[in-house]
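Single-structure report; data block below.
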Amino acid sequence: MIAITPLASSSKGNCYHVTDGKTALLLEAGIRYKDIQRALNFQVSSIAGCLISHEHGDHGKAAAEVMKAGIDVYASQGTLDALGLSGHRAKPIKAKQQFQIGTWTILPFDVQHDVAEPLGFLLVNRAGEKLVFATDTYYIRYRFPGLTHIMVECNYSLRILDENISAGRVPAVMKKRLLKSHFSLEHVKDFLQANDLSKVQEIWLLHLSDNNSDAALFKREIQELTGKQVFIAQS
């Protein structure tokens, strides 16, 4: 049984604890390591590995300290280089080349973001549960059959962003970057509709913008679209 615990999920920092009851992982390490320790009641020795999607500080800030704590960090070579990570705890991985951590089989896949070599992850455990994790991308080209858990960025709504720009609350230049780097509510809906959701138990919406999102609206619209249980990961 997969259990997902968000430790932080925003532009200030992202970090999630995921376990299948046998092998515990961190997805991202974008908050201070001592905050990760505190959030896990200092039970960090049970963490079998940490997956980092890309090099931005709100995703990889604590990666070096995670490695110092004896936890292997898995990321693309581009991400490891950008974060200045090396040594036996730095594990380079590649899109479409699967690997194992404990009871998890993990398949990285390429995503679209304004960084060196960003990745999303498909995690499958021995019970056959499938979790997809995708953040900081404006497009996901792949379809994932048999998903049971979805963790996907839902950073902004185009309508809210346009309203904020019109009102002068957000600079117009922000829109161009968001459209080419982050997943919108509208894109999340397209992604979900393109995938088989028949086995999905939970959908987690991640990394909501402070200014250009509406948690209650996002939850309601995704629940209405999918008929699934939807959670908002907020720090």
Quick one: angle between helix 185-194 and the longest Cα principal axis of the chain, in degrees between 0 and 90, rounded to 10, please.
70 degrees
Assign one of three labels to the range 80-203, namely rounded, prolate or oblate, based on the Cα gyration tensor with a ≥ b ≥ c the square roots of its eigenvalues; rounded applies when a/c is under 1.5, prolate when it is not and a/b is larger than b/c, and oblate otherwise.
oblate
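In nm, what is the difference between 0.36 nm times the number of residues separating Glu65 and Lys34 and their Cα-Cα distance?
Details: separation 31, 0.36 × 31 = 11.16 nm, distance 0.93 nm.
Using 0.36 nm per residue and subtracting the Cα-Cα distance, I get 10.2 nm.
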With each run of n ≥ 4 DSSP H residues scored as -39500 (n - 2.57), what mean residue ellipticity at 222 nm is computed for the chain after dividing by its residue count and rounding to the nearest 500 deg cm²/dmol?
-7000 deg cm²/dmol
How far is helix 215-226 tilted off the main Cα axis of the chain, in degrees rounded to 10, range 0 to 90?
90 degrees
Beta bridges by DSSP in the range 2-125, antiparallel share as percent, to the nearest 5:
70 percent
Amide H of Thr137: which non-local residues (sequence gap of 5 or more, or other chain) have their own amide H closer than 5 Å, using H built in the peptide plane?
Phe183
By DSSP, what percent of the beta bridges with both residues in the range 1-58 are antiparallel, rounded to the nearest 5?
75 percent
Unit charges at the beta carbon, dipole of the chain: most positive-side option, Tyr74, Ile150, Val115:
Tyr74
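Mind scanning Lys61/Lys94; Lys12/Lys219; Lys34/Lys219 and naming the pairs with a C-alpha gap bigger than 26 Å?
Details: Lys61/Lys94 21 Å; Lys12/Lys219 21 Å; Lys34/Lys219 31 Å.
In this structure, Lys34/Lys219 lie more than 26 Å apart at Cα.
For the chain, give me the percentage of DSSP beta bridges that are antiparallel, rounded to the nearest 5 percent. Can you show the working numbers first?
Values: 25 of 49 bridges.
Of the beta bridges lying entirely in the chain, close to 50 percent run antiparallel.
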How far apart, in nm, are the 7 Å Cα→Cβ label points at Gln193 and Asp162?
1.7 nm
For a Förster distance of 25 Å, can you work out the FRET efficiency between the beta-carbons of Glu186 and Lys96, rounded to the nearest 0.05?
0.40
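Bear in mind these aren't lab numbers, they're just calculated from the coordinates by the rules spelled out. Because the structure is predicted, anything quoted here is derived from the model rather than measured. No Cβ is skipped: glycine too gets one built from the backbone with ideal geometry, and neighbour counts run over all protein chains shown.
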